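Step one of this worksheet: look at the structure below.
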Amino acid sequence: MRERKEGVARLAPEVEVGELGLTFLAQFVAEAAGGRVLAALARKHGGVRVSYGWIMQHLMGGPQSVTYVARALGISQQAVSKSLRELERLGYVKESDGEDGRARYVALTARGQDLVAAARRSRAAVDDDVRRLLGADTYEKTRTALRRTLEHLAAAAVRARA
């Protein structure tokens, strides 16, 4: 149905955008917006990947243990450690003293905080572009509809796990 090129999914030629349901459209909009954000960040923060953002958001409040980040993201400590090594190599995180001397703690560096701020500015610019495209009223109605859909689907997923 789709192929990936340069981090953004592309529809196969035989699929018409008008045939897609809301959830696929939302997914493609998110991927296209993420592509714009990454392109804007590449000027100053080359080598950044979307997955880094998920980890870095959990470090915004201060140093966290690798265990905490892994649990918060629902992935293995090994996967988090691998990404943290990459982030450390790029200068976005550093090891930090934590409450527990046995656990490895990490924190954002000033460069990491700059990256998060730049990503937020870039995402806001994409949102502003979409708001201008749709008009303020349609933008807010669409935002409300997507939020309600997300809340509904997330609640259903939680109930299914219970």
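The values are calculated or read from the model by the stated rules, or taken from the named source; none is laboratory data. Keep in mind that this is a model prediction, so the values were computed, not measured. Neighbour counts are summed over all protein chains in view; Cβ atoms, including those assigned to glycine, are modelled from backbone coordinates with ideal geometry.
Descriptive notes on the structure:
- Elements of the type helices (runs of 4 or more DSSP H) sitting completely within the stretch 43-131 and holding at least 1 residues that are of a type in the set (Asp, Glu) and in contact (Cβ under 8 Å) with a residue 12 or more places away in the chain: these cover 77-89.
- Scanning the stretch 17-64 for residues that are touching a helix residue (DSSP H, G or I) at 6+ places or on another chain (Cβ under 9 Å), farther than 13 Å from VAL116 by Cβ and of a type in the set (S, T, N, Q) returns THR23, SER51, GLN64.
- Positions within the stretch 93-107 being in contact with a Phe, Trp or Tyr (Cβ under 7 Å, 6 or more places away or on another chain) and either exposed (fewer than 10 other Cβ atoms within 10 Å of the Cβ) or at pLDDT 95 or above (or both), in sequence order: ASP97
- ASP129 being among the charged types (D, E, K, R), within 19 Å of ALA32 (Cα to Cα) and at pLDDT 90 or above: yes
- Top-ranked residue in the stretch 1-42 [being in a loop (DSSP other than H, G, I, E, B) and surrounded by 11 or more Cβ atoms within 10 Å (Cβ to Cβ); ranked as modelled with the highest pLDDT]: LEU20
- Annotation: GLY112 fulfils all but one of (1) in contact with a Lys or Arg (Cβ under 9 Å, 6 or more places away or on another chain); (2) closer than 27 Å to LEU150 by Cα; the unmet one is (2).
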